[in-house]
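Just below is one structure, and these are the notes that go with it.
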There are 2 protein chains.
Amino acid sequence: MQSKHMAGRLPEPPNPIADDGDETRFCGTCAFSSACIAAGYDKPELVELQCLVEHVGPFRAGEHIFRTGDPFRAIFAVRGGTVKTRMVDKEGREQVLGFYLPGEVIGLNAIYPEHFPCDAVALDTTFFCRFSFPAMSALASRVPAVQQHLFRMLSKELGTASLLAGDHSADERVAAFLMDLASRYAARGFSATRFHLSMSRGDIANYLRLAAETVSRVFSRFRSQKLIEIEGRELQIVDPKGLRVIGQGLLPE
Amino acid sequence: MQSKHMAGRLPEPPNPIADDGDETRFCGTCAFSSACIAAGYDKPELVELQCLVEHVGPFRAGEHIFRTGDPFRAIFAVRGGTVKTRMVDKEGREQVLGFYLPGEVIGLNAIYPEHFPCDAVALDTTFFCRFSFPAMSALASRVPAVQQHLFRMLSKELGTASLLAGDHSADERVAAFLMDLASRYAARGFSATRFHLSMSRGDIANYLRLAAETVSRVFSRFRSQKLIEIEGRELQIVDPKGLRVIGQGLLPE
DNA sequence: AGCGGCAATTGATCCGGATCAAGGCGCGCC
DNA sequence: GGCGCGCCTTGATCCGGATCAATTGCCGCT
């Protein structure tokens with residue numbers, strides 16, 4: 001049945017990868033933007049921020065940015081592409097901790113243990129800004145804006161961590177997941193109603209603590225209810241209000 | 001059957017409330033100890049840390065330390081007693097986010113939103129050290145040890161947040177919960193094998209995303225398997241190895 | 001084109017834990 | 001003391017989602 005849709009597939013969704021060639025445009029979407037830019041390039045202290053940033057990548061889908069146990073030396077801001085973080089227990093079972101979009105930061109949970117407590121795996125072609133953490137925290141001592149930024153990012157991640165904790169139905173989880181992705185894309189200037197799911201159904205299911213089959217079924221049901229349009233990994237949110245109602249209780253307010 | 005045990009109830013477990021009258025003993029167990037003490041009282045910068053600390057309490061069981069929406073002005077280190085943090089959604093359903101023992105810190109997740117995103121409720125009689133956050137972060141700019149402490153506490157909490165996320169059986173959750181409590185008591189110098197559960201079965205169940213009946217059943221099963229001894233809220237861990245095996249996959253390593 | 005592997009979908013069955021229900025126990029209060 | 005009210009425990013039933021299983025489509029490979 002789906003083969004008939006080939007010609008009529010959803011017309012090119014915007015590519016959610018920040019333009020690597022346009023420095024300021026990316027930086028406007030980055031978690032560090034207010035430290036890097038808004039605070040002003042002219043302030044002499046911030047020259048150091050430029051110095052301690054290192055552009056790394058590309059990583060191809062499946063490649064590791066860091067691995068569990070690697071010594072912690074830096075945090076990474078996603079410049080382009082999508083990353084998942086995961087833990088693998090000794091029985092080999094994977095546990096997806098989160099997905100990170102352009103402008104978001106990975107590695108903050110390694111500060112305390114001083115080693116990365118999880119893997120970071122590229123889901124597609126990814127690029128990063130690498131911030132040496134010793135240099136960053138030294139800078140934070142001299143520039144309150146940088147320190148405040150770090151505190152806020154850490155605290156923000158504390159809030160999102162408890163989002164998927166509740167005991168909620170599969171429908172609630174999936175709806176909240178989609179609306180969360182939408183708002184994060186919107187926050188970075190991408191479309192909130194049409195985007196590409198870089199992660200597999202299995203990854204989504206694992207992240208939401210569901211079976212892959214359940215995620216598939218919920219997607220099918222949401223489609224038949226005209227809440228979404230989905231084909232493969234191309235998603236369009238048809239009824240954001242409806243999804244928000246379903247996902248409320250998991251979503252902020 | 002239990003009434004017969006009244007005379008033979010577990011002999012007085014140590015009271016897990018830091019001695020409020022013994023300043024240095026408590027501080028040795030506190031999350032800020034290395035900033036407050038180890039770094040040395042003699043350093044002039046640290047005099048400020050003494051100044052910005054304010055002792056508050058007591059709060060009685062059921063009283064709020066802060067409420068959702070309160071403006072964020074300070075973080076609190078538990079000096080004595082136990083606290084739960086929780087969110088209440090608009091349908092009135094409670095969601096327990098965590099329990100905090102003497103020496104642990106609450107309020108870190110309010111830095112980013114600048115308002116407390118949850119309630120903090122005393123489970124028994126509690127006392128706190130209140131740290132004004134503006135003063136604290138100003139101090140952090142000048143004293144690297146304080147800054148590092150804040151980073152580490154935030155990062156540490158990020159790690160524990162993902163602990164209860166996995167899809168694990170009721171047995172695994174309960175075993176991991178007990179062993180986590182045990183190690184946290186041990187880290188503060190209390191007995192790791194015998195302590196009082198300040199929270200109700202309902203709170204434990206809510207925190208672990210189980211029904212209260214399930215928690216009760218698991219406790220009963222663990223007792224019949226000689227893993228624990230429990231009577232009301234007095235707990236003794238009889239077979240830590242066994243519990244650890246059950247809870248592994250949720251516990252660090 | 002033909003093959004093989006992986007992701008996704010869909011159907012059928014099963015099970016762990018939620019829910020409903022019924023006491024027991026402890027404690028504060030009149 | 002006697003009563004009422006939470007908290008806890010234990011039993012019976014039910015249901016959402018996991019698991020098992022089969023099919024299809026896509027894509028890379030030769």
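Table for the structure above
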quantity	calculated
Residues that are in contact (Cβ under 8 Å) with a residue 60 or more places away in the chain and of a type in the set (A, V, I, L, M), drawn from the stretch A:188-206	A:MET199
Filter result for A:PHE66 (in contact with a Phe, Trp or Tyr (Cβ under 9 Å, 6 or more places away or on another chain), open to solvent by 10 Å² or more (accessible area, probe 1.4 Å) and closer than 24 Å to B:GLY249 by Cβ)	no
Residue match in the stretch A:212-231 (condition: open to solvent by 50 Å² or more (accessible area, probe 1.4 Å), touching a residue at least 60 places away in the same chain (Cβ under 8 Å) and closer than 27 Å to A:THR126 by Cβ)	yes
In the stretch B:98-126, the residues that are assigned to a strand (DSSP E or B), surrounded by 23 or more Cβ atoms within 10 Å (Cβ to Cβ) and small (Gly, Ala, Ser)	B:ALA120, B:ALA122
Residues (farther than 26 Å from A:THR85 by Cα, open to solvent by 30 Å² or more (accessible area, probe 1.4 Å) and more than 16 Å from DNA strand D (Cβ to nearest atom)) located in the stretch B:138-186	B:ALA138, B:ARG142, B:PRO144, B:ALA145, B:SER183, B:ARG184, B:ALA186
Residue in the stretch A:22-42 that is assigned by TED's automatic domain parsing to the domain that holds A:ALA138, at pLDDT 90 or above and more than 30 Å from A:ILE237 (Cα to Cα) present	no
A:LEU197 being facing another protein chain (nearest Cβ under 9 Å) and either at pLDDT 95 or above or buried (at least 21 other Cβ atoms within 10 Å of the Cβ) (or both)	no
Hits in the stretch B:213-253 - residues which are among the small types (Gly, Ala, Ser) and more than 21 Å from B:THR160 (Cβ to Cβ)	B:SER216, B:SER220, B:SER224, B:GLY232, B:GLY242
Any hit, the stretch B:85-97, residues being crowded, with 21+ Cβ neighbours inside 10 Å, under 17 Å from B:SER155 (Cα atoms) and within 11 Å of chain A (Cβ to nearest Cβ)	yes
Sole exception among (1) within 17 Å of the chain's Cα centre (by Cα); (2) within 16 Å of DNA strand C (Cβ to nearest atom) for A:ALA165, by number	(1)
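The values are calculated or read from the model by the stated rules, or taken from the named source; none is laboratory data. Only a predicted model underlies this, so the values are computations on that prediction, with no experimental measurement involved. Virtual Cβ from ideal backbone geometry, glycine too; neighbours counted across all protein chains shown. Note: accessible area is taken over every heavy atom of the protein model, side chains too, but ligands, DNA and RNA are not part of it. Shrake-Rupley method; radii C 1.70, N 1.55, O 1.52, S 1.80 Å.
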